[in-house]
1. Could you pull out every residue, at least 5 positions away or on a different chain, whose amide H is within less than 5 Å of the one on residue B:129? Hs are placed 1.01 Å off N in the peptide plane, and Pro or chain starts have none.
2. Please name the residues of segment A:32-61 whose accessible area, counted over protein heavy atoms with a 1.4 angstrom probe, falls by no less than 20 Å² between the chain alone and the full protein assembly.
3. On the accessible surface of the protein assembly as shown, probed at 1.4 Å, how many percent belong to carbon and sulfur atoms?
4. Would you calculate the separation in nanometres between label points at residue A:88 and residue B:50, each defined as 7 Å from the Cα along the Cα-to-beta-carbon direction?
5. Any chance you could tell me what percent of the C-alpha pair distances in segment A:165-209 go past 14 Å?
6. Give the Kirkwood hydrodynamic radius (Å, one decimal) of chain B, defined as one over the mean of 1/r across all pairs of different Cα atoms.
7. Sorted from shortest, what are the nm distances separating the label point of residue B:186 from equivalent points in the other copies, each placed 7 Å from Cα along Cα to C-beta?
8. For residue A:142 and residue A:5, what does the FRET efficiency come to when R0 = 25 Å and r is the distance between their Cβ atoms, rounded to the nearest 0.05?
Protein chains: 2
Amino acid sequence: MKEVLPGFNFAVSIDCVLFGFDGNELKILLIERNEEPFKDWWALPGNLVNEEESTDESAFRILRELTGLSDIYMEQYYAFGDVNRHPQGRVISVAYYAMLRLGGEKPLKPLTSYAKKAQWVNVANLPKLAFDHQHILDKGLEKIKRRIKHLPLAFELLPEKFTLTQVQSVYELILGKKLDKRNFRKKILSFKVLKELDEKQRGVSFRAATLYKFDKRKYNKLFGKEISF
Amino acid sequence: MKEVLPGFNFAVSIDCVLFGFDGNELKILLIERNEEPFKDWWALPGNLVNEEESTDESAFRILRELTGLSDIYMEQYYAFGDVNRHPQGRVISVAYYAMLRLGGEKPLKPLTSYAKKAQWVNVANLPKLAFDHQHILDKGLEKIKRRIKHLPLAFELLPEKFTLTQVQSVYELILGKKLDKRNFRKKILSFKVLKELDEKQRGVSFRAATLYKFDKRKYNKLFGKEISF
DNA sequence: TTACTTAGTGTAAAAAATACACGTTATATT
DNA sequence: AATATAACGTGTATTTTTTACACTAAGTAA
């Protein structure tokens, strides 16, 4: 226990919506809680903000603790401040999202005492979530839907080298609708942020597709311009 | 003083960016602080969140206390959580914006003990602001720039009856650039959310313009569709 | 060699965005 | 009453963007 000034009895937490793409499905990272409240429930990875760190720093720390990853672009998208959202007191949660590439060399290693395990779960098939996490997730999904229409975010989900069909899959999963193949390719190439490689997919049955790379330099020049899907 | 659980020693505040349009200039409401810290500085209107109210409820209460207005659509846009943003302790500020019509019948009446006065100030000509309020304001401006491109927000700033030239002025002020008159009219009318009235401006020198009303019902149907300026 | 599956490509039509200039009308002034 | 003033209100041609739509090519596997 600790003494505080009046008004200074709130806690602030971070919840992270981590999107991942395994080539077929859009997934998010969930943990199975090992502590009350909501022990044994699935929840978004999150934790309390420490006193000596900003919310942004806290978000990066928590992501690192949960996945071993740093250098990921996370973006704050909303603060959830309902009175009874946490049974143990007044907790304001600041939500961040990030897009991660799955199946890379180093496996994600969630090292958390308060979680039994962490697992990537298909967004289309989620368990019931602790607290108001379903709501937080829904808002996050809305957000990236709007975002991906205006910025080429999809590449953060994809491996370094990818095919145009994979890019299209990501767009279709996030937007929740089918897109026309020719029009999609015309459009995504028109932004000139993709570099065609002299290399084909390997290890696939059937015809291998050409691989592309994301050209971050050209992307940065594009930033600010309006694009849409 | 009060005893709390570990982690529960943060305060949460609301800061409001209230945009107003007086026919010529885009303004925001500032208060002159009457209390330390930053006594005598100009600041965004804001206050601490009470324990028994959500952040949304708190934002509406604070807006009401400062302006006497209710029934205003406010939207949360960002949470500011740097460590040293408040000299008296760890305060996370959740920022909201709203658009108000100025010069209505009832004058805005800020009734605050902690403020010497409240005043509408031209966004293009601001004093130095307390805390990180300049930063909060900048983010708010960015936000409404993006928003107004995709939603017809401008009408919240205008009186019930307005001219198309006034609508265009609001867009030009927020976007910070001149728009073509004929193209602007074509576009804004194409959304079919404006109702032409059988009535002209009064009390102006020179030719009076036709007045329009905003049709909220039709606007609600539009919601979700993409529009852009 | 054949069957299968995904890759990769072009065009025409429709819709939207842009660029651009002048006659009209109400008021104010002389 | 005539005139000057200043903002109002309107249309079209061009360019750009979006949409709709279907087949051949290439590589793998049996």
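The values are calculated or read from the model by the stated rules, or taken from the named source; none is laboratory data. Quantities reported herein were computed from a predicted structural model and do not represent experimental measurements. Cβ sites come from the backbone with ideal geometry, for glycine too, and all protein chains shown count toward neighbours. Each accessible area value is taken on the protein alone, full model and side chains, heavy atoms only, with ligands, DNA and RNA left out. Shrake-Rupley method; radii C 1.70, N 1.55, O 1.52, S 1.80 Å.
1. Amide H to amide H, under 5 Å and 5 or more residues apart or across chains, residue B:129 pairs with B:134.
2. A:48, A:49, A:51, A:54, A:55
3. Result for the protein assembly as shown: 48 percent of the exposed heavy-atom area is carbon or sulfur.
4. Distance between label points: 2.7 nm.
5. 60 percent
6. On the way: mean 1/r = 0.0522 Å⁻¹.
Result for chain B stands at 19.2 Å.
7. 2.2
8. Efficiency at R0 = 25 Å is approximately 0.10.
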